[in-house]
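Trainee: The structure is given below, and queries will be raised subsequently.
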Amino acid sequence: MSIFTANLMDDKVVLVTGGGTGIGKGIAKLFGQHGAKVVIASRKQDVLDATAAELQAENIDCAGCVCDIRDYSSVEALIKFVLQRYGQLDVVVNNAAGNFPASVDQLSANGFRTVVDIDLNGTFNVTKAAFEHYLKANGGAVVNITAPFAGWGVAYQAHAAAAKAGIDSLTRSCAVEWQPLGIRVNAVAPGSVAATEGTARLSEALVGEGAQTLDCEAEDIANTVLFLASDAAKFISGEIIRVDSASGVDMLHMPVH
Ligand code: COA
């Protein structure tokens, strides 16, 4: 069930990084169900093929493009792919992320750098390339996927929390700089999302094997992203919205073993 009109994203083109699985797939599907043409990007061709086929079976115009968002030339090729295929790029969803649970004690310099490189630098790369090749001249909306714990201390996630805090900062700075150009930049901070690889790995590390977490569905995140990308949010920019049923607020009480 969607509260949005079916044609909300008609004539819009959306790029979803990490759109082949999990939250990104949920976002790609919801935008497609509301009329958008969707490009999904990931490092794995087979994942992209499977998800594109699934969305196309729902009559969604969807294309996959292999990209490593750590590599700026790969990102530029992705943006050019979108523009060659559809001629426009209205919404960029920076969802792709890499993560693993590790204490600072277990974390090597390369492990820390790898997650910052994927999450923060990758978000910058995609945003910057989209800006240079399209958004600067045409306006648009950027929605970054961050995490509630970016604003807190959190065990086993120092690398991801640092990267996501950087994404929060980047969100606000881009929003300020680009307001005169008609580009809105916002972020959504999901709590744990059911049936994603990230939740399975992190909940086991943070609260123990078999422990219950307060899980939402990918669609709950996608609904908020769709709202932020839509004209209903045309006066909202530089905002970070938690979608976690307050679990992020109560993070200080989360048991850590
Ligand atoms: N604990 C501690 N360090 C880890 C680790 C773990 N569980 N997993 C990876 N690292 C370290 C590696 O040891 C390496 O550091 P080193 O060279 O000092 O040994 C560094 O991180 C890079 O790992 P590598 O596997 O070579 O990088 P990659 O670019 O191939 O993949 C990830 C990086 C984050 C994508 C990978 O860890 C991964 O596949 N994660 C699960 C998938 C995922 O991220 N899903 C999204 C969930 S939100």
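Trainee: Could you identify the single residue in Ile69, Ile23, Ile3, Ile40 that is among the hydrophobic types (A, V, I, L, M, F, W, C) and at pLDDT below 95? Even if it seems obvious, please write down each step before you answer.
Mentor: On the way: Ile69 fails: at pLDDT below 95; Ile23 fails: at pLDDT below 95; Ile40 fails: at pLDDT below 95.
Exactly one residue qualifies, and that residue is Ile3.
Trainee: Name the single residue that is modelled with the lowest pLDDT among those in segment 210-233 being within 15 Å of the ligand (Cβ to nearest atom) and within 13 Å of the chain's Cα centre (by Cα).
Mentor: Ranking the candidates gives Ala218 first.
Trainee: Could you list, ordered by first residue, the pairs with Cβ atoms under 6 Å in which the first is in segment 20-32 and within 13 Å of Asn94 (Cα to Cα) and in a helix (DSSP H, G or I) and the second is within 10 Å of the ligand (Cβ to nearest atom) and open to solvent by less than 10 Å² (accessible area, probe 1.4 Å), at least 6 apart or interchain?
Mentor: These pairs meet every condition: Ile23/Val193.
Trainee: Of the numbered conditions (1) in contact (Cβ under 8 Å) with a residue 40 or more places away in the chain; (2) exposed (fewer than 15 other Cβ atoms within 10 Å of the Cβ); (3) closer than 22 Å to Leu120 by Cα, Arg85 satisfies every one except a single condition; which is it?
Mentor: Single failed check for Arg85: (3).
Trainee: Restricting attention to segment 105-123, report how many residues are in a helix (DSSP H, G or I) and either farther than 19 Å from Ile145 by Cα or within 9 Å of the ligand (Cβ to nearest atom) (or both). Don't jump to the end; show me each part of the working.
Mentor: Kept after step one, since they are in a helix (DSSP H, G or I), are these residues of segment 105-123: 105-106, 109-123.
Filter once more, keeping what is either farther than 19 Å from Ile145 by Cα or within 9 Å of the ligand (Cβ to nearest atom) (or both): 105-106, 109-115, 117-119.
So the count comes out to 12.
Trainee: With the structure loaded, tell me whether Ser103 is farther than 21 Å from Ile23 by Cβ, touching a helix residue (DSSP H, G or I) at 6+ places or on another chain (Cβ under 9 Å) and of a type in the set (Ser, Thr, Tyr) or whether it fails that test.
Mentor: Details: farther than 21 Å from Ile23 by Cβ: yes; touching a helix residue (DSSP H, G or I) at 6+ places or on another chain (Cβ under 9 Å): yes; of a type in the set (Ser, Thr, Tyr): yes.
Yes: the conditions hold for Ser103.
Trainee: Right, something else. If you scan segment 145-162, which residues turn out to be within 12 Å of the ligand (Cβ to nearest atom) and either in a loop (DSSP other than H, G, I, E, B) or within 13 Å of Phe100 (Cα to Cα) (or both)?
Mentor: If the condition is that a residue be within 12 Å of the ligand (Cβ to nearest atom) and either in a loop (DSSP other than H, G, I, E, B) or within 13 Å of Phe100 (Cα to Cα) (or both), then Thr146, Ala147, Tyr156, Gln157, Ala158, His159, Ala160 are the ones that fit.
Trainee: Here is a follow-up. Whether any residue in segment 200-209 is surrounded by fewer than 17 Cβ atoms within 10 Å (Cβ to Cβ) and modelled with pLDDT of 95 or more is what I want to check.
Mentor: Filtering segment 200-209 down to residues surrounded by fewer than 17 Cβ atoms within 10 Å (Cβ to Cβ) leaves 200-201, 204, 207-209.
The next check asks that each one be modelled with pLDDT of 95 or more; those that pass are none.
No, that holds for no residue.
Trainee: Working carefully through the options Glu58, Glu54, find the one that is in contact with a helix residue (DSSP H, G or I) (Cβ under 9 Å, 6 or more places away or on another chain), assigned to a helix (DSSP H, G or I) and surrounded by fewer than 19 Cβ atoms within 10 Å (Cβ to Cβ). Step through it out loud before you land on a result.
Mentor: Working: Glu58 fails: assigned to a helix (DSSP H, G or I).
Result: Glu54 is the single residue among Glu58, Glu54 that is in contact with a helix residue (DSSP H, G or I) (Cβ under 9 Å, 6 or more places away or on another chain), assigned to a helix (DSSP H, G or I) and surrounded by fewer than 19 Cβ atoms within 10 Å (Cβ to Cβ).
Trainee: Here's a follow-up. Can you confirm whether segment 28-49 contains a residue that is in contact with a Phe, Trp or Tyr (Cβ under 7 Å, 6 or more places away or on another chain) and either surrounded by fewer than 17 Cβ atoms within 10 Å (Cβ to Cβ) or farther than 21 Å from Leu226 by Cα (or both)?
Mentor: So far as segment 28-49 goes, no, none of its residues is in contact with a Phe, Trp or Tyr (Cβ under 7 Å, 6 or more places away or on another chain) and either surrounded by fewer than 17 Cβ atoms within 10 Å (Cβ to Cβ) or farther than 21 Å from Leu226 by Cα (or both).
Trainee: For segment 138-150, check the following and say yes or no: at least one residue is touching a helix residue (DSSP H, G or I) at 6+ places or on another chain (Cβ under 6 Å), over 23 Å from Ala28 (Cα atoms), open to solvent by less than 30 Å² (accessible area, probe 1.4 Å) and in contact (Cβ under 8 Å) with a residue 40 or more places away in the chain.
Mentor: Yes, there is a match, as at least one residue in segment 138-150 is touching a helix residue (DSSP H, G or I) at 6+ places or on another chain (Cβ under 6 Å), over 23 Å from Ala28 (Cα atoms), open to solvent by less than 30 Å² (accessible area, probe 1.4 Å) and in contact (Cβ under 8 Å) with a residue 40 or more places away in the chain.
Trainee: Another question, if that's okay. With respect to Val185, is the statement that it is more than 16 Å from the ligand (Cβ to nearest atom), at pLDDT below 75 and of a type in the set (A, V, I, L, M) true? Show your work before the answer.
Mentor: Numbers: more than 16 Å from the ligand (Cβ to nearest atom): yes; at pLDDT below 75: no; of a type in the set (A, V, I, L, M): yes.
Considered against the rule, which asks whether it is more than 16 Å from the ligand (Cβ to nearest atom), at pLDDT below 75 and of a type in the set (A, V, I, L, M), Val185 comes out as no.
Trainee: Out of segment 78-104, which residues are within 10 Å of the ligand (Cβ to nearest atom) and of a type outside the set (S, T, N, Q)? Outline the logic, then answer.
Mentor: In the first step, residues of segment 78-104 are kept if they are within 10 Å of the ligand (Cβ to nearest atom); the result is 95-103.
Once the filter is applied, which keeps residues that are within 10 Å of the ligand (Cβ to nearest atom) and of a type outside the set (S, T, N, Q), segment 78-104 yields Ala96, Ala97, Gly98, Phe100, Pro101, Ala102.
Trainee: Quick one: what pairs do we get from segment 224-249, first residue over 14 Å from Ala141 (Cα atoms) and touching a residue at least 40 places away in the same chain (Cβ under 8 Å), second among the aliphatic types (A, V, I, L, M) and open to solvent by 50 Å² or more (accessible area, probe 1.4 Å), C-beta under 7 Å, 6+ apart or different chains?
Mentor: Ser245/Leu214; Ser247/Leu214
The values are calculated or read from the model by the stated rules, or taken from the named source; none is laboratory data. Just so it is clear, the model here is predicted, and its values are computed rather than measured. Don't worry about glycine lacking a Cβ; one is built from the backbone with ideal geometry, like all the others, and counts go over all protein chains shown. The area values use the complete protein model at the heavy-atom level, side chains included, leaving out ligands, DNA and RNA. Shrake-Rupley method; radii C 1.70, N 1.55, O 1.52, S 1.80 Å.
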